[in-house]
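> Before I ask anything, here is the structure I am working with.
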Amino acid sequence: MLDKWAQVGSAFRHRNYRLFWCGQLISMMGTWMQNMAQGWLVLELTNSAFLLGVLVTVQFLPVTLLTLFAGVVADHVPKRKVLIITQSVMLTLAAVLGTLVYFQAVRYWHVLVLAAVLGLANTFDMPTRQSFVVEMVGQEDLTNAIALNSSVFNVGRVIGPTLAGLVIGRVGIAACFMLNAVSFIPVIAGLLMMNLPEKKWGFSMDIHLKEEVKEGLQYIRGNAVVLFSMMLLALLNVMTMNFNVVIPVLARDTMQLGAEGFGYLMSGLGVGAFCGSLFMAAASKEGPRRRVLLAGAAGLCIFQIAVSISRSLVLSMLLLGLTGFFMLIFTASVNSTIQMNTPDYLRGRVMSVYVLIFGGITPIGGFISGTATDLWGAPVVMAMGAAIGLIGLVIITGKED
């Protein structure tokens, strides 16, 4: 057991990954502050869960439409340069939104437009970032690096919403967006400081995008392990992982909490997910395992149903922690399973499909959950989505077997 925990940080022996991880650690705190503040801002501007769902839809729509082509770009251009550009765009967008809010000039349509541009930047950032990891650590430490990336994401999920709740209550929403803008600076600095081997890239105007995309899709269809993982991720992403839509409404309307209470709920989810990432990092040398993936999927659904019943802040934080723990085990297992079963020359395209499922179909889940939450309330929607997820898990697993 001690040997497993000694492997938790094996990817840190690579300097480039250390630079990447430290920059992401700071940036993710700012990103989660903005996520929480943006949801709260929309509720203040519109008082509508439906319009919050529309915002989520607009933000992820570019991912839905363009991410497969972004995967082709990720396979043919220097990934570090792409990431520097996308991170710089995100910095600018956060600063613009913070300025609009500070001067009390912000309108709902401003938030929508900025979210759409942010979604466009993320369309190219996410598949590039996912496929960039192996260039920093190699195959040997890839699973460990994926788990450590998840730990960064969830440290941000823990600290970001809590800070956002405190900042909103004491300083104002604008500060959340401005702090997020500043948080991108360490990421860009880390990317500029990396030492990467020279590599010839094959992007040119002669590349046939449709044929390149088709090659990636054909690989997924022909690989049973990758296809099963993608199908299960699609199901649970649409039905269960709509926390940015349902938890603000659960906090405000069902549990009668303010911004700080909402931040505590989101932090509970993040604490659990962070613990899950440490568990996955410790077990990374064993590689991705099917039974762990399935346990994560089942636990995510079961504890989400429990969250829908609770009306206690402390109990809800605990249950969201368990939800986050199993959610991380599931998503990290899916990610590492796909990457370990994908050749390098197709990694960008295959991971673009992963990003399409993980983020690109979020508009579907966001729109459905936002509309349903307006009609029936957050607890009902959470319970129904998790129940459908459990039923689908049984069906998909049965067919795959």
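The values are calculated or read from the model by the stated rules, or taken from the named source; none is laboratory data. This is a predicted model, so every value here is computed, not measured. Glycine gets a Cβ as well: all are built from the backbone with ideal geometry, and neighbour counts include every protein chain shown.
> If residue 314 passes every condition in (1) farther than 23 Å from residue 238 by Cα; (2) touching a residue at least 60 places away in the same chain (Cβ under 8 Å); (3) of a type in the set (Val, Ile, Thr) but one, which one does it miss?
Looking at each condition in turn, residue 314 falls short on (2).
> State yes or no: is residue 362 of a type in the set (Val, Ile, Thr), at pLDDT 95 or above and closer than 27 Å to residue 51 by Cβ?
It is false that residue 362 is of a type in the set (Val, Ile, Thr), at pLDDT 95 or above and closer than 27 Å to residue 51 by Cβ.
> Every residue in segment 107-133 that is surrounded by fewer than 21 Cβ atoms within 10 Å (Cβ to Cβ) and in contact (Cβ under 8 Å) with a residue 40 or more places away in the chain, please.
Within segment 107-133, 107, 108, 112, 116, 120 meet the criteria.
> Something else about it: Would you be able to say whether some residue in segment 384-400 is part of a helix (DSSP H, G or I) and within 19 Å of residue 151 (Cα to Cα)?
Scanning segment 384-400, I find no residue that is part of a helix (DSSP H, G or I) and within 19 Å of residue 151 (Cα to Cα), so the answer is no.
> Now for a separate question. Answer yes or no as to whether residue 88 is farther than 18 Å from residue 364 by Cβ and at pLDDT 90 or above.
Taking the combined requirement at face value, the residue satisfies it.
> To continue, here is another question. Have a look at 27, 88 and point out the one that is crowded, with 24+ Cβ neighbours inside 10 Å, out of contact with any Leu (no Cβ under 6 Å at 6 or more places or on another chain), assigned to a helix (DSSP H, G or I) and of a type in the set (Ser, Thr, Tyr).
Answer to the check: 27.
> A further question on this structure: Condition first: out of contact with any Phe, Trp or Tyr (no Cβ under 6 Å at 6 or more places or on another chain) and in a loop (DSSP other than H, G, I, E, B). Can you find one or more residues in segment 107-124 that meet it?
yes
> Take segment 228-251 and flag every residue that is farther than 25 Å from residue 46 by Cα and among the small types (Gly, Ala, Ser).
229, 234 - these are the residues of segment 228-251 that are farther than 25 Å from residue 46 by Cα and among the small types (Gly, Ala, Ser).
> With the requirement that a residue be farther than 22 Å from residue 41 by Cα and basic (Lys, Arg), what does segment 112-159 give you?
Hit for segment 112-159 is 129, nothing else.
> Give the residues of segment 45-80 that are without any contact (Cβ under 8 Å) to a residue 60 or more places away in the chain and either among the acidic types (Asp, Glu) or not in a helix (DSSP H, G or I) (or both), sorted by residue number.
If the condition is that a residue be without any contact (Cβ under 8 Å) to a residue 60 or more places away in the chain and either among the acidic types (Asp, Glu) or not in a helix (DSSP H, G or I) (or both), then 47 is the only one that fits.
> For segment 349-392, which residues satisfy the criterion of being in contact with a Phe, Trp or Tyr (Cβ under 9 Å, 6 or more places away or on another chain) and among the hydroxyl-bearing types (Ser, Thr, Tyr)?
Passing the criteria: 352, 362, 371, 373.
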